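Student: Handing you this structure, nothing more for now.
Here, each number is a calculation from the coordinates, and none is a lab measurement. Predicted model only: the values in this text are computed from it and were never measured. For neighbour counting, all protein chains shown are included, and Cβ atoms are generated from backbone atoms with ideal geometry for every residue, glycine included.
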Amino acid sequence: MLQFFLLLIAVLSAASAQDTTGAGTLRGTVSEAGAEVCLEETARCIAADATGAFRLTEVRSGTYTLSVRAPGRPPVRTEAVEVRAGLETRVEVTLPALEALEQSVTVTEPVFAVPEEVKNSGYLIQPREIFKAAGALQDVSRYLQTLPGVVVGSDDFRNDIIVRGGSPVENLFVVDNIEVPNINSFANFASAGGTVSILDPALIADTTFLTGGYPAPYINRASSVLQITQREGARDQVRGRATLGFGGAGGILEGPIREGRGSWVVSARRSFLDFFTDDVGFGGVPVYYSINAKVVYDLTPRDRVWAANLSGWDDIRLGARENPGEDREINNFDIRYRGTRAATGLNWQRLFGARGVGLLGLTHSEATTVSAVRDLARDGVPPPGIPIPDLIGASPLVFDDDSRERETTLKYDLTLYAPFLEKIQAGAAFKIFNLNYRVASPFGSATPYSQIPDVYPFSLDRGFRAYQNSGYVQASRRMGPRVNLTWGGRVDHYSLLQSTRFSPRAGLSVRLTEKLSWRASYGSYFQQPFFLFLAAFPENQSMVPLRADHYVTGFSYIVSPSFRVTLEAYRKDYKDYPAARDIPQLSFANIGDTFNVRDILLPLVSAGRGRAQGIELFLEKKFTDKWFGQANFALSQARHAGLDGVLRPGSFDYPFVANFVGGYRLSPKWEVSTRFAYLTGRPFIPFDETLSAAQRRGVFDLARVNAERLPDYVRVDFRLDRTFTVRDKPLLVFLGVQNIINRQNVAGFSWNRSQNAIQENTQLGLFPLVGMEWRF
């Protein structure tokens with residue numbers, strides 16, 4: 001596979017190439033047919049057709065001036081038009097009348113769209129939507145929870161992304177061409193979510209979210225792809241800004257390199273809630289730091305290099321305290337966690353004129369976790385009056401983890417434009433994983449899925465290396481003036497599993513009218529189980545990659561350049577999902593994303609299966625002039641089976657979901673936004689109360705897996721923004737309220753060993769927020 005990778009670079013780097021994160025497309029219409037449209041900064045020109053339409057492909061991201069020359073007229077210049085990496089910029093150019101006194105040209109505000117090879121389930125999110133939307137907490141993952149087919153995870157304190165009935169661990173994150181295992185703080189090696197993103201929202205330029213049927217260039221994940229491009233720094237002068245919000249307090253500095261040939265930008269943030277409280281509602285308070293940085297430099301008009309880094313450090317203590325207030329099960333533990341994660345990438349982009357773009361990337365990511373769990377009630381409920389430090393010191397250590405994962409990737413992505421096949425994309429990647437685990441669970445697991453306590457004790461002290469090689473080819477071709485076909489596939493080889501998988505992909509779009517189109521897509525997607533699960537027990541290495549087949553179809557209606565309506569139906573078929581070997585009812589598709597890894601490290605087999613299907617209606621109004629908004633409604637069903645083959649409601653089966661997010665600019669100084677969310681209650685497994693009371697721990701009734709549902713989830717959020725001027729610089733101050741109706745949404749139930757009874761766990765109640773941003 002490595003030889004194939006090197007040969008691919010050698011043969012195709014001399015040809016045209018593109019990666020969707022590297023360059024953009026400029027498409028538009030001119031009011032006069034046959035006009036010539038040129039990008040002044042590049043001297044590239046194209047003639048509009050008989051309808052006035054034009055299209056310039058493989059345009060490097062940046063700001064351009066258009067020079068338009070119509071027959072019999074002098075050339076006229078437009079105002080600046082922005083082209084974004086990996087997106088299609090659409091504009092309308094209106095030339096002045098010949099008799100006009102001022103020969104100015106009018107250009108509509110650009111509207112951005114996902115590339116043509118993305119046929120279904122693609123969403124482009126503007127930076128201001130993440131930064132300004134109520135309830136998003138300026139966290140990209142939390143904003144995604146408002147999109148069609150995406151729901152809140154296990155509780156409001158986490159930002160898990162649950163897509164179309166899948167597990168939150170089924171999502172791919174790509175930032176500036178860097179595949180990042182997890183973009184969140186407080187994550188472990190068996191998770192993809194956390195409490196807050198390590199990405200600074202003020203650095204996000206574009207966010208593309210794909211929830212099904214995505215094309216071959218994206219490495220396999222079973223549910224979704226989140227692709228983020230961070231903005232460049234200022235190329236004219238040094239600038240800065242100070243920020244304060246839910247993600248912490250921090251600052252940004254940016255400036256030019258060599259008279260504007262490049263730029264740099266650095267962001268640093270730290271949480272501050274620990275200065276005010278030692279418990280924010282889930283037994284502790286998180287402390288975290290993050291740094292984001294990006295450097296861009298234009299070597300030549302054709303060659304651009306950039307480097308980017310995302311880093312985060314976090315720690316938390318959960319559990320017993322001197323004055324705990326409410327008696328909760330978490331107070332029967334002492335949990336210490338410290339984690340680090342970093343991802344760095346170096347990319348070289350070369351333009352080949354109108355023929356294409358090539359992008360070579362070298363990335364490295366690594367993460368560490370150090371955690372220790374002491375069970376204060378393992379030997380019975382301790383008597384009152386014992387000092388907490390003494391109680392912790394005398395309690396057994398039931399879980400200990402000091403582990404590290406590293407991943408290095410070399411990859412190349414390209415596009416070829418051929419006369420017959422038109423757009424051809426190809427690429428290859430070579431990954432090396434270096435893994436070191438030191439994990440011990442000396443007493444075994446007290447998992448509620450087992451009727452026997454303390455099962456599967458283990459001690460893991462192992463370091464090893466694994467590889468993953470991949471390659472893909474994809475073509476997009478117009479089959480007439482109204483039909484576009486995309487087809488291709490990818491091959492992935494997983495060395496640890498000794499498995500190779502081929503993933504076919506196909507998509508079709510048909511423009512029924514100028515505003516209405518029909519689209520359909522299909523793809524097979526494979527995902528390797530987490531390395532920690534594979535290493536925990538020898539028999540787990542016999543597993544194979546899980547598989548999800550996507551079938552998506554739907555209609556898209558463009559009401560206006562900034563307003564669209566989509567209606568989609570989808571189905572996902574799962575097979576070879578990790579399932580518990582000794583618990584026939586348990587598929588890991590129902591586990592989700594948990595901080596409590598100890599209870600889910602079990603012997604596993606690839607025997608789970610399932611399906612998810614639904615219909616989604618989406619109405620979207622992008623921000624223009626004064627307001628933005630989106631609303632969606634979804635009907636869905638998710639079913640999963642473990643080793644017993646019985647399909648039961650999945651843990652993320654929400655039959656009906658409704659979301660609304662909107663914002664309005666009242667004046668140049670005042671803005672307001674709100675969010676409404678409604679979800680049908682999530683399924684859960686009730687406790688076997690008799691057995692739980694006898695063992696003084698929670699034991700599930702496995703005869704009733706997901707047979708009951710939590711109460712419906714309802715939440716309303718609100719935010720008000722006010723812009724001031726301080727020393728001639730804008731100062732934004734915002735006030736917000738999460739769950740303004742203070743509804744006590746239920747997160748689930750736990751077994752409180754102190755009371756030896758079921759305890760209801762509620763989610764975030766009314767929660768006020770305040771923040772600011774000052775640019776200088």
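Student: Does the stretch 577-619 come out rounded, prolate or oblate, given a ≥ b ≥ c as the square roots of the eigenvalues of its C-alpha gyration tensor, rounded meaning a/c under 1.5 and, failing that, prolate meaning a/b above b/c? Please report the intermediate quantities before stating the final value.
Tutor: Values: a/c = 4.20, a/b = 1.78, b/c = 2.37.
Oblate is the answer for the stretch 577-619, as a/c is 1.5 or above yet b/c matches or exceeds a/b.
Student: Cα gyration tensor of the stretch 390-515, axes a ≥ b ≥ c as square roots of the eigenvalues: rounded (a/c below 1.5), prolate (a/b > b/c) or oblate? Spell out each step's value before the answer.
Tutor: Details: a/c = 3.85, a/b = 2.48, b/c = 1.55.
Prolate, since a/c reaches 1.5 and a/b exceeds b/c.
Student: Mean residue ellipticity at 222 nm from the helices of the chain, using -39,500 (n - 2.57) per DSSP H segment of n ≥ 4 over the full residue count, to the nearest 500 deg cm²/dmol?
Tutor: Using -39500 (n - 2.57) per qualifying helix, the result is -1500 deg cm²/dmol.
Student: Now for a different question. Expressed as cubic angstrom per residue, what is the convex hull volume of the alpha carbon set of the stretch 369-455?
Tutor: Output value, Cα hull per residue: 195 Å³.
Student: Which percent, to the nearest 5, of DSSP beta bridges fully inside the chain are antiparallel?
Tutor: Expressed as a percentage, antiparallel bridges in the chain total about 95.
Student: Seen from all sides and averaged, what is the projected area of the convex hull of the Cα atoms in the stretch 59-98, in nm²?
Tutor: Projected area, direction-averaged: 3.3 nm².
Student: Between Ala33 and Thr94, how many nm apart are label points set 7 Å from Cα along the C-beta direction?
Tutor: A separation of 2.1 nm, rounded to one decimal place.
Student: About the Cα centre, and with charges only on the beta carbon of Lys, Arg (+1) and Asp, Glu (-1), how big is the dipole of the stretch 272-319? Nearest 20 debye, please.
Tutor: Magnitude of the dipole: close to 360 debye.
Student: Moving on to the next point. How large is the Rg to Rh ratio of the stretch 306-374 when both quantities use alpha carbon positions and Rh follows Kirkwood?
Tutor: 1.39
Student: Within the stretch 200-264, report the GluC sites (Glu not before Pro) that DSSP leaves as loop and that have at most 16 other Cβ atoms within 10 Å.
Tutor: Glu259
Student: Given the peptides 387-397, 530-540, arrange them by the average over their residues of other C-beta atoms within 10 Å, most packed first.
Tutor: Ranked from most to least packed, the peptides come out as 530-540, 387-397.
Student: Relative to the present Cα-Cα distance, how much length would full extension add between Ser495 and Val726 at 0.36 nm per residue of separation?
Tutor: Separation in residues times 0.36 nm, less the Cα-Cα distance, equals 77.3 nm.
Student: In Å and on Cα atoms, what radius of gyration and Dmax does the stretch 488-610 show?
Tutor: 19.2, 58
Student: Over the Cα atoms of the stretch 564-648, what Rg and Dmax result, in angstrom?
Tutor: 18.4, 59
Student: Using only Cα atoms, what Kirkwood radius does the stretch 716-776 have, in angstroms?
Tutor: Kirkwood radius, the stretch 716-776: 14.5 Å.
Student: Under 28 Å Cα-Cα from Lys669, which lysines qualify once same-chain neighbours fewer than 8 residues away are excluded?
Tutor: Leaving aside lysines fewer than 8 places away in the same chain, those within reach of Lys669 are Lys132, Lys621, Lys622, Lys626, Lys729.
Student: When the chain is fully extended, how far beyond the present Cα-Cα distance does Arg77 get from Val770, taking 0.36 nm per residue of separation?
Tutor: 245.1 nm
Student: Take the alpha carbon atoms of the stretch 387-452, find their center, do the same for the stretch 610-636, and report the distance between the two centers in whole angstrom.
Tutor: Using only Cα atoms, the two centres lie 32 Å from each other.
Student: While we're looking at this one, here's another question. Rounded, prolate or oblate: which one fits the stretch 211-327, using the alpha carbon gyration tensor with axes a ≥ b ≥ c (rounded when a/c is under 1.5, else prolate when a/b beats b/c, else oblate)?
Tutor: oblate
Student: Viscosity 1.306 mPa s, temperature 10 °C: give me the Stokes-Einstein translational D for the chain in µm²/s, with Rh taken as the Kirkwood radius over C-alpha pairs. List each step's numbers first, then the result.
Tutor: Numbers: Rh = 27.5 Å.
Stokes-Einstein gives a translational diffusion coefficient of 58 µm²/s.
Student: Once both axes come from the Cα atoms, what is the angle between helix 2-12 and the longest principal axis of the chain, in degrees from 0 to 90, rounded to 10?
Tutor: The angle comes out near 20 degrees.
Student: Right, something else. Between the stretch 220-271 and the stretch 138-186, what is the separation of their alpha carbon centroids in Å?
Tutor: The distance from the Cα centre of the stretch 220-271 to that of the stretch 138-186 comes to 20 Å.
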